[in-house]
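Please read the structure below before turning to the comments.
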Amino acid sequence: MSNHGAVAVCPGSYDPVTNGHVDIITRASRVFERVIVGVVNQPVRKEQTLFTAEERQGLLEQATTGLGNVEIAIFANLLVEFAREHQASAIVKGLRAISDFEYEFEMNQLNRKLAPEIESVFVMASAEYSFLSSTGVKEIATFGGDVSDLVPEHVAVALRDRLRR
Ligand code: ADP
């Protein structure tokens, strides 16, 4: 196979990881030799995350223990630089709705300009997760709603603990 050894990065905030993320990471892990999940850590970002980058990394690690070719790394630099550091030839993103497309289309053009050797690959969300976002999960959990169908069990527990305070 010509892509033998191909590495992909899957970037995101993962605040926290949802079943939709796990679905995309799992599917990417079947296509690529190695998948590096990149957890964005931007202290300059305006909105505060609910979980620290290290906590988000830990939750992702637990969610992907069954996937031998997936690693979780934190990054705070430009995505294409992070991809280059890991010798990745692809950036994998999940696409939920048309609204994701607008943003991703623009980011893809910018990233391609910065790093023409890295291809962006878009994976369509599975139907059952196409309306699932970390923001939505946090909103439901904040008001005591049931998120057990939306996130792995340990993430539901972490959300309960964090939001109780
Ligand atoms: P969110 O929008 O949930 O905060 P992130 O910034 O952590 O997501 O997104 C990381 C990547 O995962 C992005 O490519 C995003 O489009 C994708 N993604 C997020 N939720 C889903 C889902 N339910 N199905 C498919 N892809 C998703």
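Kindly check whether there is at least one residue in segment 62-75 that is within 12 Å of the ligand (Cβ to nearest atom) and open to solvent by less than 30 Å² (accessible area, probe 1.4 Å).
The answer is no, given that none of the residues of segment 62-75 is within 12 Å of the ligand (Cβ to nearest atom) and open to solvent by less than 30 Å² (accessible area, probe 1.4 Å).
If I ask for residues that are closer than 14 Å to residue 100 by Cα and β-branched (Val, Ile, Thr), which ones from segment 113-134 would you list?
Scanning segment 113-134 gives 121, 123.
Considering 75, 101, 105, 82, which residue is under 16 Å from residue 32 (Cβ atoms) and of a type in the set (Phe, Trp, Tyr)?
Values: 75 fails: under 16 Å from residue 32 (Cβ atoms); 101 fails: under 16 Å from residue 32 (Cβ atoms); 105 fails: under 16 Å from residue 32 (Cβ atoms).
Testing whether each residue is under 16 Å from residue 32 (Cβ atoms) and of a type in the set (Phe, Trp, Tyr) leaves just 82.
Could you check segment 82-165 for helices (runs of 4 or more DSSP H) lying wholly inside it with 1 or more residues that are more than 10 Å from the ligand (Cβ to nearest atom), among the polar types (S, T, N, Q) and over 18 Å from the mean Cα position of the chain (by Cα)?
98-114, 134-142
Evaluate segment 22-44: report whether one residue or more is free of Cβ contacts under 8 Å to residues at least 24 places away in the same chain and part of a loop (DSSP other than H, G, I, E, B).
Checked against the condition, which is being free of Cβ contacts under 8 Å to residues at least 24 places away in the same chain and part of a loop (DSSP other than H, G, I, E, B), segment 22-44 yields at least one hit.
Could you give me the residue pairs with C-beta distances under 6 Å whose first residue belongs to segment 68-97 and is within 14 Å of residue 14 (Cβ to Cβ), whose second residue is among the charged types (D, E, K, R) and at pLDDT 95 or above wherever it lies, and which are 6+ apart or on separate chains?
Short answer, once both residue conditions are applied: 72/61.
Filter segment 32-69 down to the residues that are among the β-branched types (Val, Ile, Thr) and touching a Lys or Arg at 6+ places or on another chain (Cβ under 8 Å), then identify the one that is nearest to residue 119 (Cα to Cα).
Checked segment 32-69; the qualifying residue nearest to residue 119 (Cα to Cα) is 39.
The values are calculated or read from the model by the stated rules, or taken from the named source; none is laboratory data. Everything numeric here is computed off the predicted structure, so don't read it as measured data. Cβ atoms come from the backbone with ideal geometry, glycine included; neighbour counts cover every protein chain shown. For accessibility, only protein heavy atoms count, side chains too; no ligands or nucleic acids. Shrake-Rupley method; radii C 1.70, N 1.55, O 1.52, S 1.80 Å.
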